[in-house]
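A short reminder: the numbers here are calculations on the coordinates, not readings from a lab. This one's a predicted model, so the numbers in the text were calculated from it and none came from an experiment. Ideal geometry is used to build each Cβ from the backbone, glycine not excepted, and the neighbour counts take in all protein chains shown.
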Amino acid sequence: MNTFGKHLILDIWLQDKITAFTVDSILDLVRSQFTVVAETNHPFEPQGLTHVCILAESHFTIHTYPEHQYLSMDLYICNDGFDLGVFEKTILALFKINRYRSETILRGRGAAQRLPDFSEQRVEEWK
C-alpha cells in the first residue's frame, strides 16, 4: 500500500460572521470532491462547532470560532494527483476574507516535507 499523503492546514479569518451557511458551503465542497464515508460534529456552548468527515481518501476537519470569525481546517488525503492548491483557492473564493494562513505537508515518504514553506497571507496578496 502506498503511504504517500498530503496534509493541508488552513486557517481563515473572515470579514463576515460565521453561520450555518458558512459551514455548509465548505462541507458541500468536501462532499463534491471526496467520498465521505462518515461524518460527525460537536456543537459547543455558547458557540462554535467541530465537524469531522472521514473520507475514503482520509479525513477533513473544520473547527469554527465565531467569536473571532475564525475557521480552522485540515485535509489529509492519500491521493497523489489531487491538487490541494486548487481546493484551497476554491474555499477562499467562497467568502470575504480578512486574512488566511496555509501550510501543506507531504507525508508518508521518509521525513515529512513542507510544500511550500509556511505562509501567512492577506487576501490582497492572494488576488
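Short-range pairs are left out: with C-alpha atoms under 8 Å and at least six residues apart, the relative contact order of segment 5-126 is 34 percent. Per-residue 3J(HN,Hα) values for segment 49-57, derived from phi via the Karplus relation 6.51 cos²θ - 1.76 cosθ + 1.60 with θ = phi - 60°, read 7, 10, 10, 10, 10, 8, 10, 4, 8 Hz in sequence order (x marks Gly and Pro). For segment 58-106, the convex hull drawn through the C-alpha positions has a volume of 82 cubic angstrom per residue.
Each of E45 and V23 was given a label point 7 Å from its Cα along the Cα-to-Cβ line. The distance between the two points is 1.6 nm.
How do S32, S25 rank when sorted from fewest to most other Cβ atoms within 10 Å of their own Cβ?
Details: S32 9, S25 13.
Ranked by crowding around the Cβ, least crowded first: S32, S25.
Annotation: Cα Rg of segment 5-126 relative to the compact-globule expectation 2.2 N^0.38 Å equals 1.04.
Lys and Arg at +1, Asp and Glu at -1: add these up for the other residues within a Cβ distance under 12 Å of R31 and post the number. All intermediate terms of the calculation are to be shown ahead of the outcome.
Details: positive: none; negative: D24, D28, E39.
Summing Lys/Arg as +1 and Asp/Glu as -1 gives -3.
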